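Accompanying notes for the structure given below.
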Amino acid sequence: MSGREPAYDAVVLDVDGTLVDTNYQHALAWYRAFRRVGITLPVWRLHRAIGMGGDQLVAAVAGDEAEREHGDTLRAAWAEEFEPMLGEVAAFDRVRELLRAVGDRGPKVVLASSGKPDHVAAYLDLFDGRELAEASTTSEDVERTKPEPDLVAAALDRVGGGDALVVGDTVWDMEAAARAGQDCVAVRTGGFSAAELRAAGALAVYDSVGDLCDDLDAVLSGSPSVVTAPSDSPAASVAG
């Protein structure tokens, strides 16, 4: 631990795709859900929308008419298709270490998920989330999900507000943080490129939770470092 004081009162961490490896399962579940109503979409396009909540995703990938005609049916079908894959979900390496390290340095740890409550409960069990975080959210806590800022605001409200650093894995996390007026950093575990995440507002982009953990003191001080992987591909890249 360095002697640098954290610049943030709280660290708000996305869960799906950031702390647990779920994005590709979600994409497949949505693909199967759309097939049920006779709509076939490329899985890559669905993957690009993962990180939005279900209230936003249907119209984003299939248009407003699909939302009007099938929105609720599709969301119910997605839940049914995802349920058998829930047992396959694993936490990313060093998630517990990251949450402990943030808490040890002073900022409050908040887990900001727009997932279904039973899904979020299963995820938190994978990395002792209830013990390591001061608060968490689910889809029941907001009416509008990412990229709207509501989830970030609700998460911060749980710990008394203040300045926050948002950690996420998609451009939708970055946009939600920006709309909420908060800084953000990203991990590439959701499948978005560093360039896309930077363009969406990330101060720094890390290949993994572990890389973020290694740079945590600099990140919490508001001045992320540049980290280069042995392969010469950037393990982290810093905006500006």
Cut-off under 5 Å, modelled amide H: who pairs with Gly115 long-range: Ser139
Calculated from backbone phi, Karplus (6.51, -1.76, 1.60) coupling profile of region 133-148 in Hz, x at Gly/Pro: 10, 7, 7, 8, 10, 9, 4, 6, 8, 9, 8, 10, 9, 4, x, 5
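Averaged per residue, what accessible surface does region 169-210 expose to a 1.4 Å probe, in Å²? Kindly include the intermediate steps, with their values, before the conclusion.
Values: 1250 Å² over 42 residues.
Ligands and nucleic acids excluded, the result is 30 Å² per residue.
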Positive-end residue, the chain charge dipole about Cα centroid, Cβ charges, pick of Gly161, Thr22, Ala33: Ala33
Percent antiparallel among DSSP beta bridges confined to the chain, rounded to 5, stands at 20 percent
In bins 10 Å wide, starting from 0, what share of all Cα pairs of the chain does each bin hold, as a percent? 8, 34, 37, 17, 4, 0
Counting only residues 5 or more places away or on other chains, whose amide H sits under 5 Å from the amide H of Ala135 once H atoms are built in the peptide plane? Leu111
Could you give the size of the charge dipole of region 86-180 about its Cα centre, using +1 on the Cβ of each K and R and -1 on the Cβ of each D and E, expressed in debye and rounded to the nearest 20? 200 debye
Collect residues whose amide H, placed 1.01 Å from N in the peptide plane, falls under 5 Å from the amide H of Cys184; neighbours closer than 5 in sequence don't count. Val166, Leu203
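In nm, what is the difference between 0.36 nm times the number of residues separating Arg32 and Met85 and their Cα-Cα distance?
Details: separation 53, 0.36 × 53 = 19.08 nm, distance 1.26 nm.
That works out to 17.8 nm of additional length.
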At 1.4 Å probe radius, can you tell me the per residue accessible area of region 1-115 in Å²? 46 Å²
How many percent of the accessible area of region 85-167 is carbon or sulfur, using a 1.4 Å probe? 41 percent
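Mind putting a number on the dipole of the chain about its Cα centre? Charges go on the C-beta only, +1 for Lys and Arg and -1 for Asp and Glu, and I need it in Debye to the nearest 20. List each step's numbers first, then the result.
On the way: 21 positive and 41 negative charges, 72 e Å.
Using only the charged Cβ atoms, the result is roughly 340 debye.
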What is the Cα centroid distance between region 52-66 and region 170-187, reported in whole angstrom? 20 Å
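The values are calculated or read from the model by the stated rules, or taken from the named source; none is laboratory data. Every value quoted in this text rests on a predicted model; they were computed, and no experiment measured them. With ideal geometry, Cβ positions are generated from the backbone for all residues, glycine too; neighbour counts draw on all protein chains shown. With ligands, DNA and RNA removed, areas are computed over all heavy atoms of the protein, side chains included. Shrake-Rupley method; radii C 1.70, N 1.55, O 1.52, S 1.80 Å.
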